[in-house]
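Below: the structure, in structure tokens.
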Amino acid sequence: MTSVSSAEPLWTVRRDGQSVRAELRQQEGAWEVRLLSDGQGFAAHTLGSRELALVWADGIYDGLVADGWMPGSRSIHASW
């Protein structure tokens, strides 16, 4: 049996009428960060722990903001 959690929103950024958002899911003991652009999935990365997944997602967020994307919502981020 496969165990899949519902998506937990992490953050959203916007630029030039487009948006990118990150979601976190737990799946079969691993944590997956999914990136969606205007509702369409375009990338995903699976890590072994929630903490590592949040750090990875934070790195993507920081890179997008540094590249000129405007912060939207940000519900969860790594504590370190």
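The values are calculated or read from the model by the stated rules, or taken from the named source; none is laboratory data. Computed from a predicted model, the values in this text were never measured in an experiment. All Cβ positions, glycine included, derive from the backbone under ideal geometry; neighbour counts span all protein chains shown.
Some observations on this one:
- One residue from A7, A30, A43, A22 being of a type outside the set (D, E, K, R) and in contact with a Gly (Cβ under 8 Å, 6 or more places away or on another chain): A30
- Residues in the stretch 53-66 that are farther than 16 Å from E8 by Cα and free of Cβ contacts under 8 Å to residues at least 40 places away in the same chain: G59, I60, D62, G63, A66.
- Condition check for W69: surrounded by 15 or more Cβ atoms within 10 Å (Cβ to Cβ) and closer than 14 Å to P9 by Cα: no
- Selected residue [at pLDDT 95 or above, in contact with a strand residue (DSSP E or B) (Cβ under 9 Å, 6 or more places away or on another chain) and in a strand (DSSP E or B)] from W56, W11: W11
- Subset of the stretch 26-53 [buried (at least 17 other Cβ atoms within 10 Å of the Cβ), out of contact with any helix residue (DSSP H, G or I) (no Cβ under 9 Å at 6 or more places or on another chain) and part of a strand (DSSP E or B)]: R34, L36
- Matching residues, the stretch 30-52, being hydrophobic (A, V, I, L, M, F, W, C) and either in contact with a Pro (Cβ under 9 Å, 6 or more places away or on another chain) or under 17 Å from T12 (Cβ atoms) (or both): V33, L35, L36, F42, A43, A44
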